[in-house]
Amino acid sequence: MFKTLNQKKFVALLALAALTLVACDQQAPNTEPSTGPMPAQDMSFFITSEGSGNGGDLGGLEGADSHCQNLAEAAGAGDKNWVAYLGTEPGGARGIDARSRIGNGPWHNAAGEMIAKDIDDLHLNANIVRGTALDENGNRVLGRGDSTNRHDILTGAMEDGTAFFPDAEDHTCNNWTSSGEGSAMVGHFDRQGGGNTSWNTAHQSRSCSLADLRATGGDGLLYCFATD
(Lines give C-alpha, C1' and ligand atoms only; values in the text may rest on other atoms or scores of the structure.)
Protein backbone atom coordinates (compact mmCIF):
# COMPACT_ATOMS: atom_id res chain seq x y z
CA MET A 1 0.00 0.00 0.00
CA PHE A 2 2.84 2.38 0.88
CA LYS A 3 4.46 1.59 -2.43
CA THR A 4 1.24 2.30 -4.31
CA LEU A 5 0.87 5.70 -2.60
CA ASN A 6 4.45 6.64 -3.52
CA GLN A 7 3.83 5.68 -7.15
CA LYS A 8 0.71 7.83 -7.29
CA LYS A 9 2.57 10.75 -5.71
CA PHE A 10 5.40 10.39 -8.24
CA VAL A 11 2.97 10.40 -11.19
CA ALA A 12 1.25 13.50 -9.79
CA LEU A 13 4.59 15.32 -9.48
CA LEU A 14 5.46 14.47 -13.10
CA ALA A 15 2.13 15.82 -14.30
CA LEU A 16 2.61 19.05 -12.33
CA ALA A 17 6.09 19.52 -13.78
CA ALA A 18 4.76 19.07 -17.33
CA LEU A 19 2.03 21.65 -16.77
CA THR A 20 4.60 24.11 -15.39
CA LEU A 21 6.82 23.71 -18.46
CA VAL A 22 3.88 24.29 -20.83
CA ALA A 23 2.85 27.43 -18.96
CA CYS A 24 6.37 28.83 -19.03
CA ASP A 25 6.66 28.13 -22.75
CA GLN A 26 3.44 29.96 -23.47
CA GLN A 27 4.49 33.02 -21.47
CA ALA A 28 8.11 33.28 -22.66
CA PRO A 29 8.71 35.54 -25.68
CA ASN A 30 9.98 33.97 -28.91
CA THR A 31 13.63 34.97 -29.04
CA GLU A 32 14.71 32.44 -31.68
CA PRO A 33 16.13 34.10 -34.83
CA SER A 34 14.27 33.52 -38.09
CA THR A 35 15.71 30.70 -40.13
CA GLY A 36 13.77 31.56 -43.32
CA PRO A 37 15.49 32.62 -46.56
CA MET A 38 17.00 36.09 -46.64
CA PRO A 39 15.25 38.40 -49.11
CA ALA A 40 17.14 38.91 -52.39
CA GLN A 41 18.41 42.37 -53.20
CA ASP A 42 16.10 44.46 -55.35
CA MET A 43 16.19 43.46 -59.01
CA SER A 44 18.08 45.93 -61.20
CA PHE A 45 18.74 43.82 -64.32
CA PHE A 46 16.68 41.49 -66.47
CA ILE A 47 16.23 40.17 -69.98
CA THR A 48 12.79 40.91 -71.37
CA SER A 49 10.48 37.92 -71.34
CA GLU A 50 9.12 39.07 -74.69
CA GLY A 51 10.09 41.38 -77.51
CA SER A 52 8.13 44.25 -79.01
CA GLY A 53 6.45 41.86 -81.43
CA ASN A 54 7.70 43.91 -84.36
CA GLY A 55 11.25 42.67 -84.82
CA GLY A 56 13.85 45.42 -84.63
CA ASP A 57 11.23 48.17 -84.61
CA LEU A 58 11.09 49.04 -80.92
CA GLY A 59 9.70 52.53 -81.36
CA GLY A 60 13.19 53.98 -81.03
CA LEU A 61 14.97 54.28 -77.71
CA GLU A 62 11.86 55.75 -76.09
CA GLY A 63 9.77 52.76 -77.08
CA ALA A 64 12.45 50.32 -75.91
CA ASP A 65 12.75 52.05 -72.54
CA SER A 66 8.96 51.98 -72.14
CA HIS A 67 8.98 48.25 -72.88
CA CYS A 68 11.50 47.69 -70.08
CA GLN A 69 9.55 49.91 -67.69
CA ASN A 70 6.22 48.24 -68.42
CA LEU A 71 7.58 44.74 -67.90
CA ALA A 72 9.26 45.81 -64.66
CA GLU A 73 6.01 47.35 -63.40
CA ALA A 74 4.08 44.17 -64.21
CA ALA A 75 6.66 42.21 -62.21
CA GLY A 76 6.35 44.54 -59.20
CA ALA A 77 9.63 46.41 -59.78
CA GLY A 78 8.29 49.58 -61.36
CA ASP A 79 9.54 51.91 -58.64
CA LYS A 80 12.87 52.29 -60.49
CA ASN A 81 13.82 53.99 -63.73
CA TRP A 82 14.36 51.23 -66.31
CA VAL A 83 16.15 51.63 -69.64
CA ALA A 84 17.15 49.32 -72.46
CA TYR A 85 20.80 48.56 -73.13
CA LEU A 86 20.87 49.88 -76.71
CA GLY A 87 23.13 52.06 -78.82
CA THR A 88 22.09 54.36 -81.67
CA GLU A 89 23.64 55.17 -85.03
CA PRO A 90 22.55 58.45 -86.64
CA GLY A 91 23.78 59.03 -90.16
CA GLY A 92 27.27 60.47 -90.43
CA ALA A 93 28.04 60.54 -86.70
CA ARG A 94 28.52 58.31 -83.69
CA GLY A 95 25.35 57.80 -81.77
CA ILE A 96 24.43 57.28 -78.12
CA ASP A 97 26.47 54.67 -76.25
CA ALA A 98 24.53 51.82 -74.68
CA ARG A 99 26.86 51.97 -71.67
CA SER A 100 26.12 55.64 -71.02
CA ARG A 101 22.38 55.02 -70.61
CA ILE A 102 22.21 52.50 -67.78
CA GLY A 103 23.65 54.22 -64.70
CA ASN A 104 26.61 53.11 -62.61
CA GLY A 105 25.47 49.89 -60.94
CA PRO A 106 25.70 47.62 -59.11
CA TRP A 107 23.13 45.42 -60.86
CA HIS A 108 21.45 42.25 -59.61
CA ASN A 109 19.07 39.81 -61.26
CA ALA A 110 15.69 38.71 -59.92
CA ALA A 111 17.37 36.05 -57.76
CA GLY A 112 19.64 38.62 -56.09
CA GLU A 113 22.77 37.46 -57.92
CA MET A 114 25.21 40.21 -58.84
CA ILE A 115 25.58 40.81 -62.56
CA ALA A 116 28.22 43.54 -62.24
CA LYS A 117 29.40 45.91 -59.54
CA ASP A 118 29.88 48.87 -61.88
CA ILE A 119 30.00 49.88 -65.54
CA ASP A 120 33.59 48.70 -66.08
CA ASP A 121 32.93 45.36 -64.41
CA LEU A 122 29.91 44.92 -66.68
CA HIS A 123 32.03 45.27 -69.81
CA LEU A 124 35.13 43.46 -68.60
CA ASN A 125 33.75 40.66 -66.42
CA ALA A 126 29.95 40.56 -66.58
CA ASN A 127 28.26 37.71 -64.75
CA ILE A 128 25.82 37.20 -67.61
CA VAL A 129 25.56 33.49 -68.39
CA ARG A 130 22.77 30.98 -68.87
CA GLY A 131 22.10 30.59 -65.15
CA THR A 132 22.07 34.29 -64.24
CA ALA A 133 20.38 35.79 -67.30
CA LEU A 134 16.84 35.78 -65.91
CA ASP A 135 13.76 37.61 -67.14
CA GLU A 136 11.79 40.11 -65.07
CA ASN A 137 9.84 37.30 -63.41
CA GLY A 138 12.94 35.36 -62.40
CA ASN A 139 12.55 32.76 -65.13
CA ARG A 140 15.48 31.46 -67.15
CA VAL A 141 15.49 32.62 -70.76
CA LEU A 142 15.72 29.84 -73.35
CA GLY A 143 19.07 29.62 -75.11
CA ARG A 144 21.17 27.40 -77.32
CA GLY A 145 20.31 23.73 -76.77
CA ASP A 146 16.80 24.43 -75.45
CA SER A 147 13.60 23.64 -77.34
CA THR A 148 13.58 27.22 -78.66
CA ASN A 149 16.72 29.32 -78.94
CA ARG A 150 16.23 32.98 -77.93
CA HIS A 151 19.80 33.84 -77.00
CA ASP A 152 20.31 36.71 -79.50
CA ILE A 153 19.72 39.93 -77.54
CA LEU A 154 19.49 43.25 -79.41
CA THR A 155 22.20 45.73 -78.38
CA GLY A 156 23.58 47.84 -81.23
CA ALA A 157 26.78 48.18 -79.22
CA MET A 158 30.46 47.41 -79.52
CA GLU A 159 32.06 45.16 -76.92
CA ASP A 160 32.95 48.05 -74.62
CA GLY A 161 29.38 49.33 -74.80
CA THR A 162 30.12 52.29 -77.06
CA ALA A 163 28.34 53.13 -80.30
CA PHE A 164 29.68 52.03 -83.67
CA PHE A 165 31.65 54.41 -85.83
CA PRO A 166 29.70 55.62 -88.88
CA ASP A 167 29.95 53.22 -91.81
CA ALA A 168 27.73 51.71 -94.48
CA GLU A 169 26.52 48.85 -92.25
CA ASP A 170 23.45 49.16 -90.07
CA HIS A 171 23.94 47.94 -86.48
CA THR A 172 20.74 49.31 -84.93
CA CYS A 173 17.82 48.47 -87.26
CA ASN A 174 17.71 52.12 -88.34
CA ASN A 175 17.88 53.30 -84.73
CA TRP A 176 15.32 50.71 -83.65
CA THR A 177 12.60 51.76 -86.10
CA SER A 178 12.91 49.05 -88.79
CA SER A 179 11.12 45.71 -88.86
CA GLY A 180 12.44 44.78 -92.29
CA GLU A 181 15.56 46.15 -93.94
CA GLY A 182 18.79 46.63 -92.05
CA SER A 183 20.40 44.60 -89.27
CA ALA A 184 21.31 44.81 -85.61
CA MET A 185 24.26 43.84 -83.48
CA VAL A 186 23.20 41.19 -80.99
CA GLY A 187 24.81 39.50 -77.99
CA HIS A 188 24.60 35.94 -76.66
CA PHE A 189 23.44 35.91 -73.06
CA ASP A 190 24.32 32.21 -72.70
CA ARG A 191 27.85 32.73 -74.11
CA GLN A 192 27.37 29.93 -76.65
CA GLY A 193 27.24 29.61 -80.42
CA GLY A 194 29.63 30.66 -83.18
CA GLY A 195 33.13 31.96 -82.76
CA ASN A 196 32.14 35.03 -80.71
CA THR A 197 30.24 34.44 -77.47
CA SER A 198 30.16 38.02 -76.20
CA TRP A 199 27.06 38.93 -74.17
CA ASN A 200 26.67 42.19 -76.10
CA THR A 201 28.57 41.89 -79.41
CA ALA A 202 28.30 38.40 -80.90
CA HIS A 203 27.17 38.98 -84.52
CA GLN A 204 24.92 40.92 -86.87
CA SER A 205 21.32 39.82 -87.38
CA ARG A 206 20.17 38.61 -90.79
CA SER A 207 17.67 41.48 -91.03
CA CYS A 208 15.33 43.37 -88.71
CA SER A 209 12.21 41.28 -89.32
CA LEU A 210 10.89 39.15 -86.48
CA ALA A 211 11.01 36.09 -88.73
CA ASP A 212 14.70 36.59 -89.48
CA LEU A 213 15.55 37.35 -85.85
CA ARG A 214 13.91 34.08 -84.83
CA ALA A 215 15.53 32.13 -87.67
CA THR A 216 19.02 32.86 -86.35
CA GLY A 217 18.33 32.32 -82.64
CA GLY A 218 16.59 35.44 -81.36
CA ASP A 219 13.21 36.94 -80.61
CA GLY A 220 13.82 40.67 -80.39
CA LEU A 221 14.63 40.51 -76.67
CA LEU A 222 16.43 43.26 -74.74
CA TYR A 223 18.69 43.75 -71.73
CA CYS A 224 17.04 46.11 -69.22
CA PHE A 225 18.91 47.93 -66.44
CA ALA A 226 17.73 50.10 -63.57
CA THR A 227 19.56 53.42 -63.52
CA ASP A 228 18.89 54.08 -59.82
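The values are calculated or read from the model by the stated rules, or taken from the named source; none is laboratory data. Computed from a predicted structure; not experimentally measured. Backbone-built Cβ (ideal geometry, glycine too); neighbour counts: all protein chains shown.
Things to note:
- Residue check for residue 142: free of Cβ contacts under 8 Å to residues at least 60 places away in the same chain and either under 25 Å from residue 71 (Cα atoms) or small (Gly, Ala, Ser) (or both): yes
- Whichever residue in segment 149-190 is surrounded by fewer than 22 Cβ atoms within 10 Å (Cβ to Cβ) and among the aromatic types (Phe, Trp, Tyr) and, among such residues, is farthest from residue 46 (Cα to Cα): 165
- Filter result for residue 193 (touching a helix residue (DSSP H, G or I) at 6+ places or on another chain (Cβ under 6 Å) and surrounded by 16 or more Cβ atoms within 10 Å (Cβ to Cβ)): no
Residue-by-condition table, conditions (1) at pLDDT 95 or above; (2) out of contact with any strand residue (DSSP E or B) (no Cβ under 8 Å at 6 or more places or on another chain); (3) not hydroxyl-bearing (Ser, Thr, Tyr):
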| site | (1), (2), (3) |
| --- | --- |
| 89 | no, no, yes |
| 92 | no, yes, yes |
| 106 | yes, no, yes |
| 122 | yes, no, yes |
| 126 | yes, no, yes |
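- Residues that are part of a loop (DSSP other than H, G, I, E, B), within 19 Å of residue 202 (Cα to Cα) and either in contact with a Pro (Cβ under 7 Å, 6 or more places away or on another chain) or not hydrophobic (A, V, I, L, M, F, W, C) (or both) within segment 110-137 comprise 127, 130, 131, 132, listed in sequence order.
- All positions within segment 208-224 that are more than 19 Å from residue 130 (Cβ to Cβ) and in contact with a helix residue (DSSP H, G or I) (Cβ under 8 Å, 6 or more places away or on another chain): 208, 220
- Residues located in segment 185-200, provided they are more than 14 Å from residue 129 (Cα to Cα) and under 21 Å from the mean Cα position of the chain (by Cα): 185, 186
- Among the residues of this structure, residue 222 does not count as one that is over 23 Å from residue 119 (Cα atoms), of a type outside the set (Gly, Ala, Ser) and buried (at least 24 other Cβ atoms within 10 Å of the Cβ).
- Cβ pairs under 6 Å, 6+ apart, first in segment 116-127 and farther than 13 Å from residue 162 by Cα, second assigned to a helix (DSSP H, G or I): 116/122
- Top-ranked residue in segment 179-228 [being at positive phi and not in a strand (DSSP E or B); ranked as modelled with the lowest pLDDT]: 194
- Some residue of segment 154-175 being in a loop (DSSP other than H, G, I, E, B), under 19 Å from the mean Cα position of the chain (by Cα) and among the polar types (S, T, N, Q): yes
- Residue in segment 42-56 that is surrounded by fewer than 21 Cβ atoms within 10 Å (Cβ to Cβ) and either modelled with pLDDT under 95 or farther than 24 Å from residue 180 by Cα (or both) present: yes
- Residues satisfying the stated conditions in segment 198-220, i.e. more than 20 Å from residue 45 (Cα to Cα) and β-branched (Val, Ile, Thr): 216
- Check on residue 79, exposed (fewer than 14 other Cβ atoms within 10 Å of the Cβ), assigned to a loop (DSSP other than H, G, I, E, B) and of a type outside the set (Gly, Ala, Ser): yes
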